[in-house]
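Here's the structure we're looking at; comments come further down.
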Amino acid sequence: MINLASFVFLVFFLTFDYAELKVASKISAILIVMVFFINLVAPEIVNNPSFLQGSAAFSPDRMRGFTLEASTFGFQVVTAVMLLAIIFSVNYLLSIVVVVSFLLFTSSKGALLAFCLSVVISKFVLAKSGFNKITFLIVGFLAFSFGFYYVLLDAFILDIEKYNSSSTRGVMIFTGVYSALVSPLGVGFTGYFNQIYQLGPDIINFVDYYFPNLFNFDEVITYFIVGNVESVSTKTLFFDWLIYAGWVFLYLFYKFLSFCFSKIKTAGGKNLSLFIFMIISWCFYVPLDGRIIGLLAIATLIKFNRERGA
């Protein structure tokens, strides 16, 4: 139900004009950048419980700002920096360099992957000719492979060996896919937890059969204890709603993306990259609740184009 309520914020933001959204975006983005530097120079402020931080950091070596985890903070940082780049007309390449630099400090693998993919996809979409599209795909693929091997591979291996976020997110995403196959119309809000309790163990057995003793399921297995609801979700907007509403949601989500894409694609690389980044993030590594700056950014991007008369 929290996810449903979060959509109300998008409708609310769309009632404002661009000038008002621009001010709200500036304030929100600047606050997030300030938190980034606070976390960088004085991590104890955000890692320890206080009136600003509700709990101690599970992984103090990773930036989380005033959120619960690095993935959420990574999402906030990318959205904030790109919003500022759009509002202040910062050079696209410089924006990319700044975002990647910030993300290397946050150690959010999901945000870094999502942002790199968003840049490649946006450049491909905006390329004028087929030759340019193919050239950029090849260059993008090589650059992405190089970056993944030298920057992200060790982090993923460490996560698999020491932590369990990769296995938890992977199992829950496949649980969402499985749910859409066995319940095409979804199970609604009331059937959400029961669906996870029933289907989750099958996914663990499936993964462990093909990749024995590779992943740590200690966290995710607790999600399938009947009656446990704390932190139980697919960790993504897309797969949560795939369980709620099945293929109906898939159709509505496609229509929403088509509408937003038609409004944003003509605004340039920064705008399109930010939009694609948020969609990839919501599909694969962050839920909607608590990521209100993303909805503010969507509204700002849509109104940005209207301001330009597009």
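Considering only residues in region 222-236 that are among the hydrophobic types (A, V, I, L, M, F, W, C) and at pLDDT below 90, the one that is nearest to the chain's Cα centre (by Cα) turns out to be Val232.
For region 172-186, name all the residues that are assigned to a helix (DSSP H, G or I) and either on the phi > 0 side of the Ramachandran plot or in contact (Cβ under 8 Å) with a residue 40 or more places away in the chain (or both).
Met172, Ile173, Thr175, Gly176, Val177, Ser179, Ala180
Look at region 194-215 and say how many of its residues are open to solvent by less than 40 Å² (accessible area, probe 1.4 Å) and either farther than 26 Å from Gly246 by Cβ or of a type in the set (Phe, Trp, Tyr) (or both). Residues in region 194-215 being open to solvent by less than 40 Å² (accessible area, probe 1.4 Å) and either farther than 26 Å from Gly246 by Cβ or of a type in the set (Phe, Trp, Tyr) (or both): 1 in total.
Flag: Asn39 does not match the condition of being modelled with pLDDT under 85 and open to solvent by less than 60 Å² (accessible area, probe 1.4 Å).
Filter region 126-171 down to residues that are in a helix (DSSP H, G or I), open to solvent by 40 Å² or more (accessible area, probe 1.4 Å) and at pLDDT below 70, then give me how many there are.
Total satisfying the criteria: 12.
Within region 209-229, the residues that satisfy the criterion of being without any contact (Cβ under 8 Å) to a residue 12 or more places away in the chain, assigned to a loop (DSSP other than H, G, I, E, B) and closer than 17 Å to Gln195 by Cβ are Gly227, Asn228.
State all residues of region 253-264 that are closer than 20 Å to Ile293 by Cα and either open to solvent by 20 Å² or more (accessible area, probe 1.4 Å) or among the hydroxyl-bearing types (Ser, Thr, Tyr) (or both); if no residue qualifies, say none.
Residues satisfying the conditions are Phe253, Phe256, Leu257, Phe259, Phe261, Lys263.
Val248 - would you say it is over 30 Å from Lys128 (Cβ atoms), open to solvent by 20 Å² or more (accessible area, probe 1.4 Å) and either assigned to a helix (DSSP H, G or I) or at pLDDT 90 or above (or both)? Yes: the conditions hold for Val248. What residue, among those in region 279-310 that are closer than 19 Å to Ile27 by Cβ and within 11 Å of the chain's Cα centre (by Cα), is modelled with the highest pLDDT? The residue in question is Gly294. Considering (1) in a helix (DSSP H, G or I); (2) touching a residue at least 60 places away in the same chain (Cβ under 8 Å); (3) of a type in the set (A, V, I, L, M, F, W, C); (4) closer than 30 Å to Val98 by Cβ, the lone condition that Val286 does not fulfil carries the number (1).
Evaluation of Asn91 against the conditions (1) over 19 Å from the mean Cα position of the chain (by Cα); (2) within 24 Å of Ser258 (Cα to Cα) shows that the sole unmet condition is (2).
Note on region 70-102: among residues that are farther than 21 Å from Ile298 by Cα and in contact (Cβ under 8 Å) with a residue 24 or more places away in the chain, the one that is surrounded by the fewest Cβ atoms within 10 Å (Cβ to Cβ) is Phe102.
In the set (1) open to solvent by less than 30 Å² (accessible area, probe 1.4 Å); (2) within 28 Å of Ala111 (Cβ to Cβ), Gly191 fails one condition alone, (2).
Annotation: of all residues in region 265-278 being over 25 Å from Tyr244 (Cα atoms) and modelled with pLDDT of 85 or more, the one that is most open to solvent (accessible area, probe 1.4 Å) is Lys270.
The values are calculated or read from the model by the stated rules, or taken from the named source; none is laboratory data. Just so you know, these numbers come straight off a predicted model, no measurement behind them. A quick note on method: Cβ atoms are made from the backbone with ideal geometry, for glycine too, and the neighbour counts reach across all protein chains shown. With ligands, DNA and RNA removed, areas are computed over all heavy atoms of the protein, side chains included. Shrake-Rupley method; radii C 1.70, N 1.55, O 1.52, S 1.80 Å.
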